[in-house]
Amino acid sequence: MAAKLVANAIRRNIGKSTGASFRLRRFSTAAAVAAVEPLEEESSGISMKGVKISGRPLYLDMQATSPVDPRVLDAMLPYYVSRYGNPHSRTHLYGWESEQAVESARAQVSALINASPKEIIFTSGATESNNISIKGVMHFYKEKKRHVITTQTEHKCVLDSCRHLQQEGFEITYLPVKPDGLVDLDKLRASIRPDTGLVSVMMVNNEIGVIQPMEEIGKICKEHNVPLHTDAAQALGKIPIDVNKMNISLMSLSGHKIYGPKGIGALYMRRRPRIRVEPQMNGGGQERGIRSGTVPTPLVVGFGAACELAMKEMEYDDKRISALQQRLLNGIRSKLEGVVVNGSEESRYAGNLNLSFAFVEGESLLMGLKEVAVSSGSACTSASLEPSYVLRALGVDEDMAHTSIRYGIGRFTTEEEVDKAVELTVKQVEKLREMSPLYEMYKDGIDIKSIEWAQH
């Protein structure tokens with residue numbers, strides 16, 4: 001279906017010249033450039049950004065983004081090539097059918113989290129939803145509420161939104177987490193004050209995959225009549241979510257983490273009891289005035305289709321991904337010592353496996369693993385050479401925090417890819433340890449931490 005629609009679109013873009021010959025008109029100059037030079041492909045492999053590899057790497061970075069499911073693409077394509085109306089156009093068929101598609105997608109998203117379609121606001125992604133939730137709530141209730149509670153392991157956009165509020169005079173409590181990455185519920189309860197306007201806790205952590213006890217957190221917030229916001233970008237479609245059982249007031253969602261398109265997300269906003277926010281974007285008043293701007297119909301349709309697929313296949317995906325995670329972990333642990341799983345092994349999403357390898361430098365390991373697309377933490381902060389702030393919050397030693405690698409397993413990951421990742425990881429870790437004087441000392445029985453290093 002997808003191929004047929006693309007072929008039809010291309011045929012329509014073939015214009016006749018004055019003679020009998022045909023000329024293919026490029027869709028855009030950007031497309032023309034991309035078609036000419038995607039990357040340097042040589043007979044011996046691929047070269048890009050100074051890195052040469054034998055072929056496209058295995059993709060094990062599902063927490064950064066996921067590939068679009070072909071069934072999602074099939075649902076989206078008609079709204080690019082034939083049903084391209086603005087969903088806010090009220091005077092003709094093109095607008096009506098686009099509006100109908102948007103409302104249908106809204107129902108698909110809401111069904112996955114047991115909410116009402118009227119509680120779903122489409123945004124550009126979880127970052128925007130987090131900003132609307134945190135800044136929007138506190139600005140709306142600023143006369144009475146001046147305090148926010150969050151955790152030290154939140155996503156960067158939550159922490160930065162909180163810092164922004166601090167600069168405006170609000171008070172923020174950054175709760176520490178236990179060594180397994182979970183929130184201490186007693187500390188959370190003790191931190192709530194009469195002027196607390198919001199509690200924001202990430203449902204599934206993007207770096208270490210731990211699942212927070214949202215039902216218990218929701219009960220505490222309900223007891224104190226404080227709204228609860230959660231960033232569920234990594235949780236949606238992967239673990240069951242019920243906004244009523246969890247007593248969630250606001251929830252941030254993302255399309256590209258559940259095999260949907262990039263550039264689309266949603267904000268769940270509870271209607272009863274009603275939560276109010278100050279809009280962060282002004283304009284035509286779309287999305288009930290919370291998020292002005294034309295709703296991108298193809299992206300919304302894709303997000304809706306991805307949610308419907310996740311609802312049908314969540315249980316199957318979870319069983320399969322859990323088996324692959326065990327295969328990966330057991331494969332590495334059976335051949336290497338000094339491998340530590342970061343975060344709780346019991347309360348975690350199986351598709352996220354964050355490992356630290358003792359006596360190995362993380363950046364060196366990443367460079368050696370060019371044939372496997374993995375990361376050393378969040379994609380949003382991976383450009384930094386500082387150790388992950390999430391791992392430091394868990395109390396992980398700086399040297400071990402530097403050696404962490406995050407493996408992301410997903411719907412389309414195969415056993416062969418997992419086995420290859422194990423083989424390449426073991427080979428690279430062994431190679432780097434052979435060059436490590438610290439590993440030599442460890443093998444000789446010397447306690448590395450007892451050594452007092454002299455400065456020259």
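The values are calculated or read from the model by the stated rules, or taken from the named source; none is laboratory data. Note that the structure is predicted; figures quoted are calculated from it, not measured. Note that each Cβ is placed from the backbone with ideal geometry, even for glycine, and that neighbours are counted across all protein chains shown. Only protein heavy atoms, including side chains, enter the accessible area calculation; ligands, DNA and RNA are left aside. Shrake-Rupley method; radii C 1.70, N 1.55, O 1.52, S 1.80 Å.
List of remarks:
- Residues satisfying the stated conditions in segment 174-198, i.e. out of contact with any Leu (no Cβ under 7 Å at 6 or more places or on another chain) and of a type in the set (Val, Ile, Thr): 192, 196
- Cβ-Cβ under 7 Å pairs, at least 6 apart or on other chains, segment 174-192 side under 27 Å from residue 353 (Cα atoms) and open to solvent by 30 Å² or more (accessible area, probe 1.4 Å), far side part of a helix (DSSP H, G or I) and of a type in the set (D, E, K, R): 185/216
- All positions within segment 62-83 that are more than 30 Å from residue 349 (Cβ to Cβ) and surrounded by 19 or more Cβ atoms within 10 Å (Cβ to Cβ): 77, 79
- Cβ pairs under 8 Å, 6+ apart, first in segment 293-320 and among the polar types (S, T, N, Q), second open to solvent by less than 30 Å² (accessible area, probe 1.4 Å): 294/87; 297/85; 297/87; 297/98; 297/101; 297/102
- Within segment 399-433, the set of residues being open to solvent by 70 Å² or more (accessible area, probe 1.4 Å) and over 17 Å from residue 387 (Cβ atoms) comprises 412, 415, 416, 420, 423, 427, 430, 431.
Conditions (1) charged (D, E, K, R); (2) in contact with a strand residue (DSSP E or B) (Cβ under 7 Å, 6 or more places away or on another chain); (3) open to solvent by less than 20 Å² (accessible area, probe 1.4 Å), marked per residue:
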position	(1), (2), (3)
49	yes, no, no
60	no, yes, yes
85	no, no, yes
95	no, no, yes
111	no, no, no
116	no, no, no
136	no, no, yes
139	no, no, no
145	yes, yes, no
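- Matching residues in segment 258-278 - criterion: being out of contact with any helix residue (DSSP H, G or I) (no Cβ under 6 Å at 6 or more places or on another chain) and over 29 Å from residue 413 (Cα atoms): 270, 272, 273, 274, 275
- Test: residue in segment 289-310 that is touching a helix residue (DSSP H, G or I) at 6+ places or on another chain (Cβ under 7 Å) and farther than 30 Å from residue 89 by Cβ: yes
- Helices (runs of 4 or more DSSP H) wholly inside segment 286-397 containing at least 3 residues that are open to solvent by less than 60 Å² (accessible area, probe 1.4 Å) and of a type in the set (A, V, I, L, M): 297-333, 389-393
- Being acidic (Asp, Glu) and open to solvent by less than 10 Å² (accessible area, probe 1.4 Å) holds for only one residue in 195, 231, 160, and it is 231.
- Residue that is farthest from residue 227 (Cα to Cα) [pool: residues in segment 238-270 that are open to solvent by 20 Å² or more (accessible area, probe 1.4 Å) and polar (S, T, N, Q)]: 244
Every residue, every condition in (1) assigned to a loop (DSSP other than H, G, I, E, B); (2) not polar (S, T, N, Q), yes or no:
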residue	(1), (2)
199	no, yes
218	no, yes
222	no, yes
234	yes, no
248	yes, yes
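- Residues that are outside any loop (DSSP other than H, G, I, E, B) and on the phi > 0 side of the Ramachandran plot, drawn from segment 101-117: none
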